[in-house]
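Step one of this worksheet: look at the structure below.
Derivation of every value follows stated rules applied to the coordinates shown; laboratory data play no part. Here the structure is a predicted model, which is why all the values come from computation and not from measurement. Cβ atoms come from the backbone with ideal geometry, glycine included; neighbour counts cover every protein chain shown.
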Amino acid sequence: MDEIILEAKLINKSFHDPITIPVLKDVSFSINKGDFVSVIGKSGCGKSTLLYILSTMDTDYTGELFIDKVCMTGLKEKQLALVRNEKIGFVFQFHYLLNEFSVLRNVMLPGIKLAKFSMQEIEHRAMEKLRILGIHEQALKMPNQLSGGQKQRVAIARALINDPHIIMGDEPTGNLDKKNSEVVFEIFSQLANEFNQTLLIVTHDNEFAERTHRIIEMEDGRIIR
Amino acid sequence: MNRKLIVDIAKALLLARWKQTLVAAVGVTFSITMFITLLGFMNGLNDMLDGLILNRTPHVRLYNEVKPNPIQPVQLNQNLGHAFIQNIKPNGNGQNIDNTVAILHALKNDKRVLGVSPKVTAQVFYNVGNIDINGVINGVEVEAEARLFHFQEYVSDGNYMDLKNVPNSIILGKGAADKMQANIGDVIQVTTPQGERQALKVVGLFQSGLADLDKVQSYASLATTQKLMGKSANYITDINVKLFDILQAPALSKEYKHIFETDAEDIQTANAQFETGSDVRSIISYAVGITLLIVAGFGIYNILNMMIYEKMDSIAILKATGFSGNDVKRIFTTIALSIGFFGGLFGLLFGFLTSTAVDQIPFNTAALPNIKTFPVNYDPKFYIIGITFSLITTYLAGLLPAQKASKIDPVDIIRGK
């Protein structure tokens, strides 16, 4: 259980517009495989900024980032895209499903992009993920025919399709009501407990955070807990 | 796999905004249609106007210019103290080409020569009552003239082969025939400058497209003309040569001039202005076609830009889930290219249909007896150029928006929500 999946070393980041404001100050921590970690903190404390650096989408920082023991700092855009495709799954506050494609196709897209399996196999795997999340009956519908909670579950299925090392969430329950938030949390803890899935969730819902394995609390660009 | 996925996504985005896509494609279709129609029509006209002169003009013409002897008698004897010689005039055979049998034989065996047509030109007077009208009778070898210089196309009434089959026959220029009120089957009288009088039977009427020419020119067979002039069967004033490659004309003209010791004129020297006219018409049609395509290109640019703003979220999530900037760029260039391809394809089809429609419009002019409808050229070259242009313009129009899409930072989009 102490295999390190993600490690951040002395990460610093500043915004330069209009004046230089440091957002992250010497942030260092690591996440082990199977950890269910939540990041909390007040608005503007830098928790989302940290998440986007960890996600490799934001490359404008100093320090070093390791995912699966491989250094991400300084890699080319194309290589980072491949890392995101293969090793990271994302769940955002908004579902970001493509309205032009069916639910099943949306889940399959990152899998087709990775092209590790045949088309039939990807489809089979996508159905499997949808079944775990209890929405396999909606597979052939279009995203705009689903409710908000269902859409968020499709987004989670999409994040799972390539069996990523880590799932990152930016306020995944932020747009959901109490009931649906509960459903999403249940899914996350099921993934962590049953499938040994590593999760890193940014949230400002303290109740949600209390129930995760580990809480990282941030204040003014530093980790305080 | 990756390419298929990109095409899939491009197709989905295109179909999601199919009305906009259609408008963009219709723009391309319209410009390609106009491009094809214009080029086809312009080149049809070019071909017709070129044909008017070029078809009937020999590539090389051998003839004898009437001119003074370059070696004057006074130069023959340098020992004379003073020589007074006056009024030396050209003499000899005049316009006759010497040794025609050998020249014709040599030309017919030349691999570069498509065909040879000997010709006798005779000055005559057409006798109308007691008035004489100036005229020129061209004595031609009927079959060679028809094969090489489209003689039959300009014979508007009667059968051109009668010229060979009926003895002492003539095909009159339309203008001359009108003046003489002569019709097919009538017999007319002509007088040569030497005073010979001859009755000729009219077997046809000739319309060259140049009215002034038709008032003067007539055609008779080689033998009839030679007899009219009281000359032997060796008497030839012009040898008209048609080559396989028109571009060789100037070089061959020089060569023949040297070998056969006659004067020679090539088609490029005789008709230099025609090339220029054709070129200008072609340039105009290309300019119009390309202008239309550029306008269509701006349309595609706008629509793609709009699509990118609308699909910002989709681009962001594609990038977040592992599509690189290059992949996104390829999605949008695929969209642009498919608009160009399908728009262009329909453009070619409609262009072809409009061309055939133009081809049906009646176009009757007294000057061109064998043209009944507007001339159109269906050269596949224009169709290939058309589709290539449409692909290039749409690709260029898509390039900037695609580049913009590839540079979208997903963090900006996702955090902005």
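Please compute the contact order of chain A in relative form: average sequence separation of alpha-carbon pairs under 8 Å and at least six residues apart, divided by the residue count, as a percent. List each step's numbers first, then the result.
Details: 426 pairs, mean separation 68.6, N = 225.
Averaging sequence separation for qualifying contacts and normalising by length gives 31 percent for chain A.
Which whole-percent values make up P(r) of chain A when all C-alpha to C-alpha distances are grouped in 5 Å steps starting at zero?
1, 7, 15, 18, 20, 17, 12, 7, 3, 1, 0
Just tell me how shielded A:73-81 is by partners: mean number of partner chain Cβ atoms within 10 Å of each residue's Cβ, no decimals.
Per-residue shielding by partner chains comes out at 3.
How long are the semi-axes of the equivalent ellipsoid of the stretch A:1-99, taking √(5λ) for every eigenvalue λ of the Cα gyration tensor, in whole Å from largest down? Let's see the in-between values first.
On the way: eigenvalues 88, 63, 51 Å².
Ellipsoid semi-axes (Å, largest first): 21, 18, 16.
If you average the alpha carbon positions of the stretch B:5-32 and of the stretch A:97-145, how far apart do those two centres end up, in angstrom?
What the calculation gives is 26 Å, centre to centre.
Would you tally the net charge around residue B:264, using a Cβ to Cβ cut-off of less than 12 Å, leaving residue B:264 out, and scoring K and R as +1, D and E as -1? The partial results should precede the final answer.
Values: positive: B:61, B:254, B:257; negative: B:65, B:238, B:255, B:261, B:263, B:265, B:266.
Local net charge: -4.
What net charge is computed for the residues neighbouring residue A:95, neighbours being all others with C-beta under 10 Å from the C-beta of residue A:95, Lys and Arg scored +1, Asp and Glu -1? If you can, show how the numbers build up before the last one.
Details: positive: A:151, A:153, A:158; negative: B:313.
Residues near residue A:95 contribute +2 overall.
Can you give me the Kirkwood hydrodynamic radius for the protein assembly as shown, using every pair of distinct Cα atoms, in Å to one decimal?
Details: mean 1/r = 0.0307 Å⁻¹.
Roughly 32.6 Å, rounded to one decimal.
Please give me the summed charge of the neighbours of residue B:405: other residues whose Cβ is under 12 Å from its Cβ, Lys and Arg +1, Asp and Glu -1. Each step should come with its number before you reach the end.
Numbers: positive: B:311, B:319, B:329, B:330, B:404, B:407; negative: B:310, B:327, B:409.
Taking every other residue near residue B:405 into account, the sum is +3.
Between B:43, B:64, B:87, which gets the highest mean-square fluctuation from a Gaussian network model of chain B, Cα cutoff 10 Å?
B:87
Kindly provide the helix-only [θ] at 222 nm of chain B, computed as the sum of -39,500 (n - 2.57) over DSSP H runs of four or more divided by all residues, to the nearest 500 deg cm²/dmol? Numbers along the way, then the final one.
Numbers: 15 runs with 222 residues, N = 417.
About -17500 deg cm²/dmol.
Under a GNM of chain B (C-alpha, springs under 10 Å), which listed residue has the highest mean-square fluctuation: B:105, B:59, B:82?
For chain B, modelled as a Gaussian network with Cα springs under 10 Å, the answer is B:82.
Restricting to DSSP H runs of at least four residues, report the calculated mean residue ellipticity at 222 nm for chain A, -39500 (n - 2.57) per run over all residues, nearest 500 deg cm²/dmol. Walk me through the numbers before you get to the answer.
Values: 7 runs with 80 residues, N = 225.
Calculated mean residue ellipticity at 222 nm is -11000 deg cm²/dmol.
Can you flag which of A:76/B:404; B:215/B:257; A:47/A:178; A:113/B:311; A:47/A:113; A:13/A:87 are past 21 Å Cα-Cα?
Working: A:76/B:404 19 Å; B:215/B:257 32 Å; A:47/A:178 23 Å; A:113/B:311 19 Å; A:47/A:113 29 Å; A:13/A:87 24 Å.
Distance filter (> 21 Å) returns B:215/B:257; A:47/A:178; A:47/A:113; A:13/A:87.
Give me a single rounded figure for A:54-61: the average over its residues of other chain Cβ atoms within 10 Å of their Cβ. Intermediate results must be reported in sequence, preceding the final value.
Numbers: counts 0, 4, 1, 9, 5, 2, 2, 0.
Mean number of neighbouring Cβ atoms from other chains: 3.
With labels modelled as points extended 7 Å from the Cα through the Cβ direction, what inter-label distance (nm, one decimal) is found for residue B:259 paired with residue A:73?
Roughly 8.5 nm, to one decimal.
Would you mind calculating the relative contact order of the stretch B:110-153 from Cα pairs under 8 angstrom and at least 6 residues apart, reporting the percent as a whole number? Before the final figure, lay out the partial values.
On the way: 47 pairs, mean separation 16.3, N = 44.
Once divided by the residue count of the stretch B:110-153, the mean separation gives 37 percent.
Separation between the residue A:210 and residue A:196 pseudo-spin-labels, each 7 Å from Cα along Cα→Cβ, expressed in nm?
3.1 nm
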